[in-house]
Amino acid sequence: MAVVFTLINALFVSMSNVIGGVASRRLPVAIVVSVAGLSSIVLAVVYAAFMPGTPSSVGFAIGLVAGVFGGAGLPIAYRAFAIGPAGIAGAIIAVVTTAMITLAGLVAGDPMTPLRAIGLALCIVAILLVTYRRPVDGHRVSARGPVLAMIAALLFSGFVITINAAPEPDGMWPLVGARIGVTVVAVLFLGWTLYRRGRAITASLRARRSLVLIPIAAGALDITGNLFLVLALQAGDLVLLAILAPAAPIFTAIIGRVFLRELMTRWQIVGLVVASGALVLASL
């Protein structure tokens, strides 16, 4: 079931990313992440209340720390994509996150069989094929974007590794702490943005109030993905999660193609095939 839970997590996270990206084209990023964070807290409490588990202060604290990692990674990742090249930033985030989660799993004693090693290698190749885009403007690539992408990847890795340390008897309650941590960082980011561009942010929000439903949906999808992430970690291990990492960008590319009419390159299609091979090896 760990493979199934991981793939469901990747699907919901991909949908959240696509919807969040659509919202960020119409609303300030600070508004998007703050509204998504607040809405996800409500759903996190509902999930935790209806799933087996008893909350503890230790589990809540671990979740809170994980949420701070994830929340801090979001604006840094957005900035890395803005500086670009976006393809390089995406590849760095995906590969570094995969490498760090794998390393943490090995340190924790997760098994690395020959088939898993081959699957992990295929995973990295698939990530590069799906996420990389060659710069087309002819400008020299700045080192700032890739460096920020690496920092974001380390923070995202910190989220997964930390939430994996939550006590299993707590069930989904650590996710409540995680969403609070994410939202605290998001609100601080919003406050800083309002301090710098308060009038522009306020005017944009007043003109597009109905669009607030989009980040609410993104937050609901994200916390649902987190739910299946915890289930996957409880049923499997970090190395398995790392091997299945290509699923998220693959789902994102497919969703973008189906709903946003975005083109899939031949390299993305090749990446889909390679990722399928990694999935087969991970399930053996």
Of the residues Leu231, Leu244, Leu211, only one is modelled with pLDDT under 90 and either closer than 15 Å to Ala166 by Cβ or open to solvent by less than 20 Å² (accessible area, probe 1.4 Å) (or both); which? Leu244
Taking into account only those residues within region 216-226 that are open to solvent by less than 30 Å² (accessible area, probe 1.4 Å) and either in contact with a Leu (Cβ under 7 Å, 6 or more places away or on another chain) or not in a helix (DSSP H, G or I) (or both), which is farthest from Ile41 (Cα to Cα)? Asn226
Can you tell me which residue in region 4-32 is nearest to Ala275 (Cα to Cα), limited to those that are surrounded by 21 or more Cβ atoms within 10 Å (Cβ to Cβ) and hydroxyl-bearing (Ser, Thr, Tyr)? Thr6
Which residue pairs have Cβ atoms under 6 Å apart, sit 6 or more places apart or on different chains, and have a first residue in region 172-194 that is touching a residue at least 60 places away in the same chain (Cβ under 8 Å) and a second that is of a type in the set (Ser, Thr, Tyr) and open to solvent by 50 Å² or more (accessible area, probe 1.4 Å)? Met172/Tyr47
Could you check, for region 156-170, whether at least one of its residues is modelled with pLDDT under 95 and under 15 Å from Tyr78 (Cα atoms)? yes
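Of everything in region 44-59, what is in a helix (DSSP H, G or I) and open to solvent by less than 50 Å² (accessible area, probe 1.4 Å)? Give them in sequence order. So that I can check it myself, show each step before the final result.
Initial filter on region 44-59 (in a helix (DSSP H, G or I)): 44-50, 57-59.
Ala44, Ala48, Gly59, listed by residue number.
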Going by what's in this entry, would Ile163 be described as in a helix (DSSP H, G or I), aliphatic (A, V, I, L, M) and open to solvent by 20 Å² or more (accessible area, probe 1.4 Å)? no
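The values are calculated or read from the model by the stated rules, or taken from the named source; none is laboratory data. Predicted model only: the values in this text are computed from it and were never measured. Every residue, glycine among them, receives a Cβ derived from its backbone with ideal geometry; neighbour counts consider all protein chains shown. SASA here: full protein model, heavy atoms, side chains in, ligands and nucleic acids out. Shrake-Rupley method; radii C 1.70, N 1.55, O 1.52, S 1.80 Å.
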